[in-house]
1. Tell me whether region 115-127 contains one or more residues that are among the small types (G, A, S) and assigned to a helix (DSSP H, G or I).
2. For M50, only one of the following conditions fails: (1) of a type outside the set (S, T, Y); (2) on the phi > 0 side of the Ramachandran plot; (3) surrounded by 13 or more Cβ atoms within 10 Å (Cβ to Cβ). What is its number?
3. Tell me, which residue of region 267-282 that is modelled with pLDDT of 80 or more and touching a Leu at 6+ places or on another chain (Cβ under 8 Å) is surrounded by the most Cβ atoms within 10 Å (Cβ to Cβ)?
4. Provide a single number: the residues in region 1-37 that are at pLDDT 85 or above and part of a strand (DSSP E or B).
5. Looking only at residues that are assigned to a loop (DSSP other than H, G, I, E, B) and within 23 Å of the chain's Cα centre (by Cα) in region 83-94, which one is surrounded by the most Cβ atoms within 10 Å (Cβ to Cβ)?
6. So for region 91-99 (the condition being under 25 Å from I75 (Cβ atoms), in contact with a Ser or Thr (Cβ under 7 Å, 6 or more places away or on another chain) and of a type in the set (S, T, N, Q)), does at least one residue qualify?
7. Could we say that E97 is in contact with an Asp or Glu (Cβ under 9 Å, 6 or more places away or on another chain) and assigned to a loop (DSSP other than H, G, I, E, B) here?
8. When you go through S317, S246 one by one, which is the residue that is at pLDDT below 85 and out of contact with any helix residue (DSSP H, G or I) (no Cβ under 6 Å at 6 or more places or on another chain)?
Amino acid sequence: MPTDTTNAERTDGVQQPLLEARDVEKGFDDGAVLEGLDLTVEKGELVTLMGPNGVGKSVFLSCLAGSTAPERGEIELFGDRSPTEARSATSVMLQGETIDPDLTGRENLQFYGDLHPRATDDWRALVDRLELTPDLDRPAREYSGGMRRKLELAIALTVDADLYLLDEPTAELDLAMIQIVHDLLLEYREAGKTILVTSHAPLDAQIADRIAFVRDGRTVTTGAPTTLLEALPPVVRIRGAMAPESLFLGDRVFQRGDEIRGFLASETDLTAIENAVEGAREGATVDPDPPSYTDLFNYYTYVQSARGDATRGVGSSVAEATDSAGIAAEPSDPEEAEHR
């Protein structure tokens, strides 16, 4: 089990954030990726950085790891260290950038173990937990996406670091393995470790002490999962009919299985939705529903703007909206293959 050796106190005894990023900007030839991203992580926290693919989560993690230099902004780790100065106390998992396909799984673990000064022999127990032991002597090029993800995670967690930066650790894993990964991360947090996870899977929100949502290259909101859930607008569930999108926040609804979900605008009465849906199809049902982590992800990813307010487009008529085919799909199932 990892041990806690972090020291991020100021000389006056006040505890500093273990990780603090201010106004971080980074761009490439095809445009800006990070546009003033801010994030603070306290010692011992498990924070999930959430957002859809392409918003800069992996680039931000590369900046925190010292692999990529931001063009503007400041990053401080452990109170007064730059990312490059903090490498010996940090363990990083960057999706798709760790494994050598020409080496076996075992050889990859040994290679990276030799590189980090705080590597341990914990990899044996980790690969057992991750159900990877039978495949350790196969070349990594033969691994599936989920197997590569598990090997990358084992490489990162075998280091007795103070800060873990984990890029999409549950991508391409089935639900049972996601639970195993969640249990591992919670055990590390209980041991006093600090963990920052990036994800676009709503399930990863449930283990976080705090969630930070990223959109358009900046942080939209941060907070404890329960606090953010309680602050959501009312959620409406519709079954058996299409929905008039103009009656919902953001002029947007989300399809999940045989139901449609949306966020009720303050100026919209539930009766108006019931009347529109019942007029479109007999037997349709409209009900309020407790918000889920998927609702939380959808709201901060697709409904709330980067300015922090819920947006609404120009309202169309109920008839036009009912005939609309512009229904957004829910985020992909965690059992499906996911890509950055």
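1. Within region 115-127, one or more residues are among the small types (G, A, S) and assigned to a helix (DSSP H, G or I).
2. The one condition M50 does not meet is (2).
3. Among residues in region 267-282 that are modelled with pLDDT of 80 or more and touching a Leu at 6+ places or on another chain (Cβ under 8 Å), the one surrounded by the most Cβ atoms within 10 Å (Cβ to Cβ) is I273.
4. 15
5. P83
6. Yes, the conditions are met somewhere in region 91-99.
7. yes
8. S317
The values are calculated or read from the model by the stated rules, or taken from the named source; none is laboratory data. Given the structure is predicted, the values throughout are model-derived calculations rather than measurements. Note: ideal-geometry Cβ built from the backbone for every residue, glycine included; neighbour counts use all protein chains shown.
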